[in-house]
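The values are calculated or read from the model by the stated rules, or taken from the named source; none is laboratory data. The model shown is predicted, which means the values in this text are computed figures rather than measured ones. No Cβ is skipped: glycine too gets one built from the backbone with ideal geometry, and neighbour counts run over all protein chains shown. Surface areas here come from the heavy atoms of the whole protein model, side chains and all, with no ligands, DNA or RNA. Shrake-Rupley method; radii C 1.70, N 1.55, O 1.52, S 1.80 Å.
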Amino acid sequence: MVEAIRDALDVKMAEDQKVVVFGEDVGYFGGVFRCTEGLQRKYGKSRCFDAPINESGIVGVAIGMGAYGLRPVAEIQFADYVYPAYDQIVSEAARLRYRSGAEFFAPLVLRMPCGGGIYGGQTHSQSPEAVFTHVCGLKTVIPSNPYDAKGLLISAIEDDDPVIFLEPKRLYNGPFSGHPDQPAVAWAKHPLSETPEGRYVVPLGKAAVRREGKGVTVLCYGTMVHVSEAAAEETGVDAEILDLRSLIPLDIDAIVASVEKTGRCVIVHEATLTSGFGAELAAQVAERCFYALETPIRRVAGWDTPYPHAEEWSYFPGPERVGRALLAAMEG
Amino acid sequence: MPSAARLSLHVPEPSVRPGGKPDFSHVGFAPAGEARRPPVDADPAEFRDLAYSLIRVLDDAGAAVGPWAEALSAADLRQGLRDMMLTRAYDARMVLSQRQGKTSFYVQCLGEEAVACAHRKALAPGDMCFPTYRQQGLLIAAGWPLVDMMNSVFSNEKDRLKGRQLPTMYSAREAGFFTVSGNLGTQYPQAVGWAMASAIAGDDKIASAWIGDGATAESDFHAALVFASVYRAPVILNVVNNQWAISSYQGIAGGESVKFASRGHGFGIASLRADGNDYLAVHAVSAWAAQRARANLGPTLIEWVTYRAAAHSTSDDPGKYRPRDEGAAWPLGDPLERLKLHLIKRGEWSEERHAQMRAEIDAEVLDAARDAESHGTLHDGPTPSPASMFEDVYKDMPRHLREQRQQLGV
Ligand SMILES: Cc1ncc(C[n+]2csc(CCOP(=O)(O)OP(=O)(O)O)c2C)c(N)n1
Ligand SMILES: [Mg+2]
């Protein structure tokens, strides 16, 4: 998925002089996860460069660049370090268009690695999507595979609204079923690892059905798509797995269509449970599909604790926990 | 070695409080004409003293003296005087309108008119200011229509900002005036980013960032300085030190230990301290910094020493925290009176012409107010439609907002 992200940046930088890429260690070195490797060499130092370690400054200058007319793509080294920039994101990037009567806007993309499963402890594992989805004016996107990562990132760069682009870092080098004891697999054999050359888009706001089923709808995104697939295989539950891909805007039609078909719904995310995006999904399903539901909506999520280091696998909502929820949903 | 029996916390306190005799001995003044004028391409390390001195051009007798005195034409100066008078009259009218219930709130810039008005004249078309709520003078000196500003203050049906912003939070892209945020300091790194973008694009435009003394304490101020310095961004970093941040005197933001201008030194940024009540000094220093930025020589930080002569806003009563007569004792005087005196001294102005201009301006402001009020005021008359509340959150309205608009029934 690293290559797919780099490819998206490369395609857009080649095609549009206005696209600039920067962040901590992003320039010469190419980023701690290598997503921007080679871009400075190819496009020069004023198109791809290192930034001081100041997240509020990174987002603040990106907003100014966007208002000027560039299309900045800034990297926050880990989503866990985005909080110093929260005011610039919430009060500024998300509001410029509204407060200026559409006179100013900042078409910026903030890329940030999120999620655990890499022994990152509580400062390299968080999934803060809900602190963005709660903010009107932002779009929040999270790919689960290389094909989507490239197509969604190109869409995000071309979008005229600010986009938070979360990259599940456990998926950078391969899909992950949630079994830490099994050998790591590379993307190469995965059907969604193929990325067409050049420009293509995956539109924001469109979910994808990853596995068709009639028994229960699973709403998930990012790493949890692969975990949910494993859980369905292992339990034999006839689950329909919906990869939301974009949380705001949300593909309500796809959600409603699937839940009305299955009559059951399990929501899975890695972020902490309380006030997580799953709560929004549960409310939407309850409001729109109440009479179709045969069993209660269930949520599987990270516990409401900081992400622990040693106890990572007790924390991670792996296939066993998801599987139990699937079986419970089937039973009633 | 000195020792203390116990530790105690130092909390800065202004030299006087209500009832006391005004005292500005802590501010640091200097006679007009004294500060030197380095070439624009000088190394900032060579004029660090200018962050502690005070660049002034107009002396107490109204003469323009010293190396910063420029050859501004009498016509330019009369226009400058007019801009400042118009700003003051506009403010007075809006304060009155607020008292009459035509709007919720207002912020005037009484006593600080020279800073924004003269600075604007030193910029070029296409440059972008990132102002605070107290730089209406930038718009007025740019010739922006008063009635458009009033429409925003009244949040009426003609308000281009569709009634979304508090009064004084203008936005006027065409006038090089970035949308004002209510969150202090956020615009500072944005200005630096805009300037960086101009450099990336190989453009010739510069940015001008604005912040108050109090808000320099915000992290974003320091973030902006590090980015401006690292990338040598073509930006002017203005600090308007009007001595007060609501009820906190400048010492609470760190002004007791150092001059705000010297904040630039740690970043190697060219840093100047100048008389903000001196139209000629503001113009000359701004033009110097603009020239420096446009020559790709990087940022300049300028502390404008001035005084907030009125309340912080219409919601504030300064008599509760500073002597009521403090403004009258301000050693740098009133910017309008000083420029007027200078023009009279030059034989280019008179009391009669001044009175005549004043009458013209009052009529102009009244006309604009009547025009704006005919399109509604906050609690009376047409306002933007509730449906517009859902617009511009995103470029294209997403489904959930369309549904919410339907729920509201508009
Ligand atoms: C982030 C933030 N914190 C607090 C406030 C509330 N506030 C509004 S104006 C102000 C004082 C600002 O003083 P200064 O920066 O000196 O500017 P001045 O009002 O003197 O022009 C405060 C504390 C705010 N608007 N934003
Ligand atoms: Mg102040």
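So, with +1 on the Cβ of K and R and -1 on the Cβ of D and E, and no other charges, what is the size of the charge dipole of chain B about its Cα centre, to the nearest 20 debye?
Details: 43 positive and 49 negative charges, 109 e Å.
That gives chain B a dipole magnitude of about 520 debye.
Each residue of the stretch B:37-44 in order: what ³J(HN,Hα) in whole Hz does its phi give by Karplus 6.51 cos²θ - 1.76 cosθ + 1.60, θ = phi - 60°, with x for Gly and Pro?
Using θ = phi - 60°, the values come out as 10, x, x, 4, 9, 5, 6, x Hz.
Would you please give the residues with an amide H less than 5 Å from that of B:G212, counting only those at least 5 places away or on a separate chain, with H modeled from the backbone geometry?
B:V240
Normalising by the residue count of the stretch B:44-379, find the relative contact order in percent from Cα pairs under 8 Å and 6+ residues apart.
Numbers: 676 pairs, mean separation 89.3, N = 336.
Computed value for the stretch B:44-379: 27 percent relative contact order.
In the stretch B:326-410, which GluC sites (Glu not before Pro) are in a loop and have at most 13 other Cβ atoms within 10 Å, using DSSP for the loop call? Please report the intermediate quantities before stating the final value.
Details: sites: B:E326, B:E337, B:E348, B:E351, B:E352, B:E360, B:E364, B:E373, B:E391, B:E403; in loops: B:E326, B:E348, B:E391.
Passing both the DSSP loop test and the Cβ count: no residue.
Positive end of the charge dipole of chain B (Lys, Arg +1 and Asp, Glu -1 on Cβ, about the Cα centre): tell me which of B:S248, B:L332, B:T103 has its Cα farthest that way.
Checked the options; the winner is B:S248.
Under 1.5 on a/c is rounded, so check that first for chain B, then, if it is not, pick prolate when a/b is larger than b/c and oblate when it is not; a ≥ b ≥ c are the square roots of the alpha carbon gyration tensor eigenvalues.
The shape class here is rounded.
Given R₀ = 35 Å, FRET efficiency for B:N296-A:A279 by Cβ-Cβ distance, to 0.05?
Details: r = 52 Å, r/R0 = 1.48.
Working from the Cβ atoms, E equals 0.10.
What does the highest-first list of A:173-183, B:212-222 look like by mean Cβ count within 10 Å?
On the way: A:173-183: 15.7, B:212-222: 22.2.
Averaged packing, sorted descending, gives the order B:212-222, A:173-183.
Place the peptides A:305-317, B:239-251 in order of packing, highest mean first, counting for every residue the other Cβ atoms within 10 Å and averaging per peptide.
Result, highest mean first: B:239-251, A:305-317.
In debye, nearest 20, what is the charge dipole magnitude of the stretch A:107-187 about its Cα centre with +1 on Lys and Arg Cβ and -1 on Asp and Glu Cβ, if you could check?
The calculated dipole for the stretch A:107-187 is roughly 240 debye.
Give the shape of the protein assembly as shown as rounded, prolate or oblate, defined through the alpha-carbon gyration tensor: a ≥ b ≥ c are the square roots of its eigenvalues, a/c under 1.5 means rounded, and otherwise the shape is prolate if a/b is larger than b/c and oblate if not.
Numbers: a/c = 2.30, a/b = 1.90, b/c = 1.21.
Verdict is prolate for the protein assembly as shown.
Where does helix B:351-373 land angle-wise versus the long Cα axis of chain B, in degrees 0 to 90, nearest 10?
For B:351-373 against chain B, the angle is about 30 degrees.
At what distance in nm do the modelled label points of B:D367 and A:V185 sit from each other, each positioned 7 Å from its Cα along Cα→Cβ?
Roughly 7.7 nm, to one decimal.
Apply 1/(1 + (r/R0)^6) to the Cβ-Cβ distance of B:D203 and B:E34, taking R0 = 30 Å, and write down the FRET efficiency to the nearest 0.05.
Rounded to the nearest 0.05, the efficiency is 0.20.
B:M389 accessible area, nearest 10 Å², 1.4 Å probe?
Approximately 90 Å² of B:M389 is accessible to the 1.4 Å probe.
Would you mind checking which residues have amide H under 5 Å from A:A271's amide H? H placed 1.01 Å from N; only 5 or more apart, or other chain.
Amide H neighbours of A:A271: A:G302.
Can you list residues whose amide H is under 5 Å from A:E240's amide H, if they're 5+ apart or on another chain and H is modeled 1.01 Å from N?
Amide H neighbours of A:E240, under 5 Å, 5+ apart: A:G213, A:G215, A:V216, A:T217, A:V218.
Could you grab the relative contact order for the stretch A:182-292? Cα pairs under 8 Å, six or more apart, rounded to a whole percent.
Computed value for the stretch A:182-292: 28 percent relative contact order.
Using a 1.4 Å probe and counting only protein heavy atoms, arrange B:I206, A:I248, B:I344 so the residue with the most accessible area comes first.
The residues order as B:I344, A:I248, B:I206, largest area first.
Explain nothing, just the number: dipole magnitude of the stretch B:1-99 about its Cα centre with +1 on each Lys and Arg Cβ and -1 on each Asp and Glu Cβ, in debye rounded to the nearest 20.
Numbers: 12 positive and 13 negative charges, 128 e Å.
With only Lys, Arg, Asp and Glu charged at Cβ, the dipole is about 620 debye.
Convert each backbone phi in the stretch A:284-301 into a coupling constant with the Karplus relation 6.51 cos²θ - 1.76 cosθ + 1.60 (shift: θ = phi - 60°), then list the ³J(HN,Hα) values in order as whole Hz, x for Gly and Pro.
For the stretch A:284-301, the Karplus curve yields 4, 5, 4, 5, 9, 10, 3, 6, 8, 6, 9, 9, x, 5, 10, 10, 10, 8 Hz.
Hey, quick one: spin label on B:R402, modelled 7 Å out along Cα-Cβ, who in the stretch A:177-207 has an amide N within reach, i.e. under 19 Å?
In the stretch A:177-207, the label zone of B:R402 (backbone N under 19 Å from the point 7 Å along Cα→Cβ) covers A:203-207.
Say R0 is 51 Å: what FRET efficiency, to the nearest 0.05, do A:V256 and B:I246 get from their beta-carbon distance?
0.50
So, by mean Cβ neighbours within 10 angstrom, what's the order for B:27-36, B:278-287 with the highest one leading?
Values: B:27-36: 16.4, B:278-287: 27.1.
Going by the mean number of other Cβ atoms within 10 Å, highest first, we get B:278-287, B:27-36.
Restrict the search to the stretch B:280-374; then list the trypsin sites (Lys or Arg not before Pro) that DSSP places in a loop and that have at most 14 other Cβ atoms within 10 Å of their Cβ.
Passing sites in the stretch B:280-374 are B:R324, B:R346.
For the pair A:D304 and B:E174, how long in nm is the line joining their label points, each one 7 Å along Cα→Cβ?
For the pair A:D304/B:E174, the computed spacing is 5.4 nm.
Taking a threshold of 28 Å on the Cα-Cα distance, which of the pairs B:K102/B:K395; A:K12/B:K395; A:K12/A:K169; A:K12/B:K162; A:K12/A:K45 fall above it? Write out the running numbers ahead of the final one.
On the way: B:K102/B:K395 31 Å; A:K12/B:K395 21 Å; A:K12/A:K169 22 Å; A:K12/B:K162 35 Å; A:K12/A:K45 16 Å.
Those over the limit are B:K102/B:K395; A:K12/B:K162.
Please report the spacing between the Cα centers of the stretch B:135-173 and the stretch B:1-26 in Å, no decimals.
41 Å
Indicate, rounded to the nearest 5 percent, the antiparallel portion of the DSSP beta bridges found entirely in the protein assembly as shown.
Close to 15 percent.
Among B:T186, A:F33, A:I142, flag the residue with its Cα farthest along the positive direction of the charge dipole of the protein assembly as shown, charges on Cβ as +1 for Lys/Arg and -1 for Asp/Glu.
Positive-most Cα among the choices belongs to B:T186.
Give, in nm to one decimal, the length gained when the segment between A:S314 and A:E194 is fully stretched (0.36 nm per residue of separation minus the Cα-Cα distance). Walk me through the numbers on the way to the answer.
Working: separation 120, 0.36 × 120 = 43.20 nm, distance 3.30 nm.
Result for the pair: 39.9 nm of gain on full extension.
How much accessible surface does A:V11 have with a 1.4 Å probe, in Å² rounded to 10?
Approximately 20 Å² of A:V11 is accessible to the 1.4 Å probe.
Across peptide B:182-191, how many C-beta atoms of other chains are within 10 Å of each residue C-beta, on average?
6
Which distance in nm do the two modelled labels at A:Y28 and A:R288 give, with both placed 7 Å along the Cα-to-Cβ direction?
A separation of 5.0 nm, rounded to one decimal place.
In the stretch A:208-331, if the dipole is taken from +1 on Lys/Arg beta carbons and -1 on Asp/Glu beta carbons about the Cα centre, which of A:Y221, A:A328, A:H269 is farthest to the positive end?
Most positive-ward Cα: A:A328.
Shape verdict for the stretch A:167-243, please, from the Cα gyration tensor: rounded (a/c under 1.5), prolate (a/b greater than b/c) or oblate. Kindly include the intermediate steps, with their values, before the conclusion.
Values: a/c = 2.03, a/b = 1.17, b/c = 1.74.
Taking the square roots of the gyration eigenvalues as a ≥ b ≥ c, the stretch A:167-243 is oblate.
Which of the chymotrypsin sites (Phe, Trp or Tyr not before Pro) found in the stretch A:229-291 are in a DSSP loop and have at most 13 neighbouring Cβ atoms, other than their own, within 10 Å?
Here no chymotrypsin sites (Phe, Trp or Tyr not before Pro) fit, given the DSSP loop and packing criteria.
Using θ = phi - 60° and the Karplus form 6.51 cos²θ - 1.76 cosθ + 1.60, what ³J(HN,Hα) does each residue of the stretch B:190-207 get, whole Hz, x for Gly and Pro?
5, 4, 5, x, 4, 5, 4, 4, 4, 5, 4, 7, x, 7, 10, 8, 10, 10
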